[in-house]
Ligand SMILES: NC(=O)c1ccc[n+]([C@@H]2O[C@H](COP(=O)([O-])OP(=O)(O)OC[C@H]3O[C@@H](n4cnc5c(N)ncnc54)[C@H](O)[C@@H]3O)[C@@H](O)[C@H]2O)c1
């Protein structure tokens, strides 16, 4: 039986890119998926149906409470209470890279509005549904730029730093409702919008590839194992007070090798492997945070 059979998963910003890949992966694990975006979601819904999954497309803006209210109501009516929320919607692939002195306050606000406030708003909208379901799992998509301090898009890095920080605070606060909150700290990923961004492809891609152990682009699909594992593996989350920062490209490395234990998402086994790697690496540290982990595949 698929591991997420009977679960309802809502993925924001899933008409394309990373969100679409995560929506398809959750559907492949048996979840009924709500594909949501400000753009048309039909393509992702069609792809999920073609792979034998169940999905509905519901347009919604994560910065608009009324739109979010309607999204959750539609999801509940069609599929049932929401068990899983992936806060993926964000502004990234359309950003202009520029020095911080050239970023206007309006640009700053526009990025924070979607990337940080949108996570807060979508989470707030979904929590009552999760409480009705008796618990849930939230995955927030942060970014390796936070750990690397990437230059030329301070508004973006700041907003994803906020997501990283909010994840920990949400995890502590929502644990009482049996709602787990975790983040994926994704490295530079060749999503559709990134592929269409000549400056990013030229400047960030080359730098990133050079710094990676595995010399290929990270694809949206490479993040699916972390998301699915995070949603379905309760035991790791309930290890009291651990957050794992994985070495650069560690996650990507695991997935590129298609190790069956990663594909089958036995996260405990992956964690054991990480412990072995950590012993060998002075750069990898474990720090204590309650009920929260982050996967880092940073550049
Ligand atoms: N691509 C990368 O290198 C990378 C790395 C780390 C993190 N991320 C994060 O992953 C997420 C997806 O990135 P992507 O590369 O697939 O980008 P993308 O631009 O392809 O996808 C983002 C999606 O969010 C949607 N969206 C934007 N504003 C919205 C709003 N107000 N309400 C609802 N939906 C909205 C867009 O329509 C789009 O479909 C983003 O949060 C991004 O910051 C991307």
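The values are calculated or read from the model by the stated rules, or taken from the named source; none is laboratory data. What you see is a predicted model, and the numbers here were worked out from it, not measured in a lab. Positions of Cβ are backbone-derived with ideal geometry, glycine not excepted, and every protein chain shown enters the neighbour counts.
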Candidates 20, 27, filtered to the one that is under 17 Å from the mean Cα position of the chain (by Cα), within 15 Å of the ligand (Cβ to nearest atom) and more than 19 Å from residue 125 (Cβ to Cβ): 20
Quick count over segment 134-157, residues being touching a helix residue (DSSP H, G or I) at 6+ places or on another chain (Cβ under 8 Å), part of a helix (DSSP H, G or I) and within 12 Å of the ligand (Cβ to nearest atom), is 5
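Residues checked against (1) at pLDDT 90 or above; (2) away from the ligand (no atom under 12 Å from the Cβ); (3) within 19 Å of the chain's Cα centre (by Cα):
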residue: 180; (1), (2), (3): yes, yes, yes
residue: 208; (1), (2), (3): no, no, no
residue: 224; (1), (2), (3): yes, yes, yes
residue: 233; (1), (2), (3): no, yes, yes
residue: 241; (1), (2), (3): no, yes, no
Of all the residues that make up segment 187-197, how many are in contact (Cβ under 8 Å) with a residue 60 or more places away in the chain and either out of contact with any strand residue (DSSP E or B) (no Cβ under 6 Å at 6 or more places or on another chain) or surrounded by fewer than 23 Cβ atoms within 10 Å (Cβ to Cβ) (or both)? 7
Unique match (being without any contact (Cβ under 8 Å) to a residue 40 or more places away in the chain, within 11 Å of the ligand (Cβ to nearest atom) and in contact with a strand residue (DSSP E or B) (Cβ under 8 Å, 6 or more places away or on another chain)) among 44, 12: 44
Given the conditions (1) outside any loop (DSSP other than H, G, I, E, B); (2) buried (at least 24 other Cβ atoms within 10 Å of the Cβ); (3) out of contact with any helix residue (DSSP H, G or I) (no Cβ under 6 Å at 6 or more places or on another chain), and given that residue 172 satisfies all but one, which numbered condition is not satisfied? (2)
Pick out the one residue from 33, 58 that is under 19 Å from residue 227 (Cβ atoms), touching a helix residue (DSSP H, G or I) at 6+ places or on another chain (Cβ under 9 Å) and more than 10 Å from the ligand (Cβ to nearest atom). 33
From 72, 33, grab the single residue that is in contact (Cβ under 8 Å) with a residue 40 or more places away in the chain and under 19 Å from residue 137 (Cα atoms). 72
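Here is a list: 184, 214. Which entry is touching a helix residue (DSSP H, G or I) at 6+ places or on another chain (Cβ under 6 Å), in a loop (DSSP other than H, G, I, E, B) and at pLDDT below 95? Before you say what the answer is, go through the steps one by one.
Numbers: 184 fails: in a loop (DSSP other than H, G, I, E, B).
On inspection, the qualifying residue turns out to be 214.
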Considering (1) part of a helix (DSSP H, G or I); (2) touching a strand residue (DSSP E or B) at 6+ places or on another chain (Cβ under 9 Å); (3) within 10 Å of the ligand (Cβ to nearest atom), say which one residue 200 fails and leave the rest. (2)
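State all residues of segment 75-95 that are exposed (fewer than 15 other Cβ atoms within 10 Å of the Cβ) and either near the ligand (Cβ under 9 Å from one of its atoms) or in contact (Cβ under 8 Å) with a residue 60 or more places away in the chain (or both); if no residue qualifies, say none.
94
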From the set of residues in segment 75-126 that are touching a strand residue (DSSP E or B) at 6+ places or on another chain (Cβ under 7 Å) and in a helix (DSSP H, G or I), which is farthest from residue 32 (Cα to Cα)? 119
